[in-house]
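**Student:** Questions regarding the structure given below will be posed in turn.
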Amino acid sequence: MPRPEFLPLDTRAINVKSFDCGKDAINTYLRRYAAKNMALNLNRTFVLPYTPEAYIGKESPGKSHVAAYYTLAHQTLVREELPDPSRLPRYPVPVILLAQLGIDRRFHRQGLGAKTLVYALRHAYQIASNPKGIPALGVVLDVLDQDALAFYQSFDFFFPLTDNPMKLFIPIASLESL
């Protein structure tokens, strides 16, 4: 399994076409939209590259492939969407959206999903807690389906948002100990 060192997506060095996590929406996003959205400054996608065994030891293996990826973006929520809105202002508050997370099928059942999630959450914490970063109240996840919901709920630190059980939230302060 690749060493967890995520890098910003660079399609000149990374082959995104070979990525297959088994979920069409996640595959399509990486293949068709991730680089375009980064160029438009809408979000940032980070990939965990690996070199397929067929290329190991060759001088010029070509592009690396994607073992896992995640995408972060900014979003706002109104206080009524949050689990405990009483101390919040009456205008939308900033959050970081974990917009995408995918693991290539070749790396399923090896713990890479959990490692990618933790890495992405730590990254969100660094962005929100850095004085030169962008502040955020927490991290929001738009959950794709019931399989993804079961995965995220297994971590026992996400709260469903009040308006949508497929939208999860974790306060930034909770990420400090990750």
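Computed from the coordinates by the stated procedures, all read-outs in this text should not be read as laboratory data. Bear in mind that the values here come from a model prediction, so they are computed numbers and not experimental data. When we count neighbours, we look across all protein chains shown, and the Cβ atoms used for this are built from the backbone with ideal geometry, even at glycine.
**Student:** Report, ordered by the first and then the second residue, all pairs with beta carbons closer than 8 Å, sequence separation of six or more or different chains, a first member in segment 14-34 that is crowded, with 16+ Cβ neighbours inside 10 Å, and a second member that is hydrophobic (A, V, I, L, M, F, W, C) and assigned to a helix (DSSP H, G or I).
**Tutor:** Going by the 8 Å Cβ cut-off, the qualifying pairs are 16/30; 16/34; 16/35; 19/30.
**Student:** Restricting to segment 155-178, what's the tally of residues that are exposed (fewer than 13 other Cβ atoms within 10 Å of the Cβ) and touching a strand residue (DSSP E or B) at 6+ places or on another chain (Cβ under 9 Å)? Even if it seems obvious, please write down each step before you answer.
**Tutor:** Of segment 155-178, the ones exposed (fewer than 13 other Cβ atoms within 10 Å of the Cβ) are 156, 163-165, 173, 176-177.
In the following step, the residues that additionally are touching a strand residue (DSSP E or B) at 6+ places or on another chain (Cβ under 9 Å) were identified as 164, 173.
Selection size over segment 155-178: 2.
**Student:** Failed condition for residue 83, given (1) closer than 15 Å to residue 167 by Cβ; (2) surrounded by 14 or more Cβ atoms within 10 Å (Cβ to Cβ); (3) over 12 Å from the mean Cα position of the chain (by Cα); (4) not aliphatic (A, V, I, L, M), with all others met?
**Tutor:** Condition not satisfied by residue 83: (2).
To keep it simple, each residue is scored yes or no on (1) among the hydrophobic types (A, V, I, L, M, F, W, C); (2) in contact with an Asp or Glu (Cβ under 6 Å, 6 or more places away or on another chain); (3) assigned to a helix (DSSP H, G or I).
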position: 132; (1), (2), (3): no, no, no
position: 136; (1), (2), (3): yes, no, no
position: 150; (1), (2), (3): yes, no, yes
position: 177; (1), (2), (3): no, no, no
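**Student:** Give me the pairs, please: first residue somewhere in segment 101-121 and within 11 Å of residue 22 (Cβ to Cβ), second residue anywhere and assigned to a helix (DSSP H, G or I), beta-carbon distance under 6 Å, and either six or more positions apart or on two chains.
**Tutor:** Close Cβ pairs (under 6 Å, with a partner that is assigned to a helix (DSSP H, G or I)) amount to 102/26; 103/112; 103/113.
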